[in-house]
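Engineer: Below you'll find the structure I mean.
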Amino acid sequence: MPTFYPARQVAGYLEQILLHEFDLFIEDGSLDEVGALLCQYYALCARSSEQEILAQLRSLPRCDLSLCKCEDQDDQNLHRNLNSIEENVENMEVSEPPAPVVDEDGFTLVQKKKR
């Protein structure tokens, strides 16, 4: 059975990671919300089927980066670029990798990657 942690403990751990790894201090109180959501989805993944998990993920609100506030022109350009990148990613098609080729002796043929 998986171990469940209190949301505040998860938020504190996330805060430590952001501070030590990225020198980023979050002051808006959103880490508590993120901690609660992480715990909620961890519990969902531990006890639910894949279809239930996917349905819950699809019901999440979409992130609208155009609502972000920018302090200077460089930040504003960055957010504009991120929005266009997000649109491009959403329009991408993902193809399955080709199946490995096995010869009559049972050996798998190693093919060069295309550049």
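Computed from the coordinates by the stated procedures, all read-outs in this text should not be read as laboratory data. Not measured: the values here are computed from a predicted model. Here the Cβ positions follow ideal geometry from the backbone for every residue, glycine too, while neighbour counts run over all protein chains shown.
Engineer: Let's see if you can work this out: charge +1 on each Lys and Arg Cβ, -1 on each Asp and Glu Cβ, no other charges. What is the dipole magnitude of the stretch 1-60 about its Cα centre, in debye to the nearest 20? Let's see the in-between values first.
Structural biologist: Numbers: 3 positive and 9 negative charges, 76 e Å.
Computed charge dipole of the stretch 1-60: roughly 360 debye.
Engineer: Using +1 at the C-beta of Lys and Arg and -1 at the C-beta of Asp and Glu, which of SER30, CYS45, LEU57 has the Cα lying farthest in the positive direction of the dipole of the stretch 1-60?
Structural biologist: Of the candidates, CYS45 comes out farthest on the positive side.
Engineer: Could I ask something else about it? Counting residues in the stretch 1-60 as N, plug N into 2.2 N^0.38 Å and put the Cα Rg over that result.
Structural biologist: Dividing the Cα Rg of the stretch 1-60 by 2.2 N^0.38 Å gives 1.29.
Engineer: Another question, if that's okay. How far, in nm, would the chain grow between GLN56 and GLU33 when pulled straight, counting 0.36 nm per residue and subtracting the alpha carbon separation?
Structural biologist: Details: separation 23, 0.36 × 23 = 8.28 nm, distance 1.69 nm.
Result: 6.6 nm gained on full extension.
Engineer: Something else: Can you give the extra length, in nm with one decimal, that the chain gains between GLN9 and CYS45 once fully stretched, where that is 0.36 nm per residue apart less the Cα-Cα distance?
Structural biologist: Difference between extended and current length: 11.0 nm.
Engineer: Order these peptides, 48-60, 96-108, 5-17, by their mean beta-carbon neighbour count within 10 angstrom, highest first. Can you show the working numbers first?
Structural biologist: Working: 48-60: 10.2, 96-108: 7.2, 5-17: 14.8.
Ranking the peptides 48-60, 96-108, 5-17 by packing returns 5-17, 48-60, 96-108.
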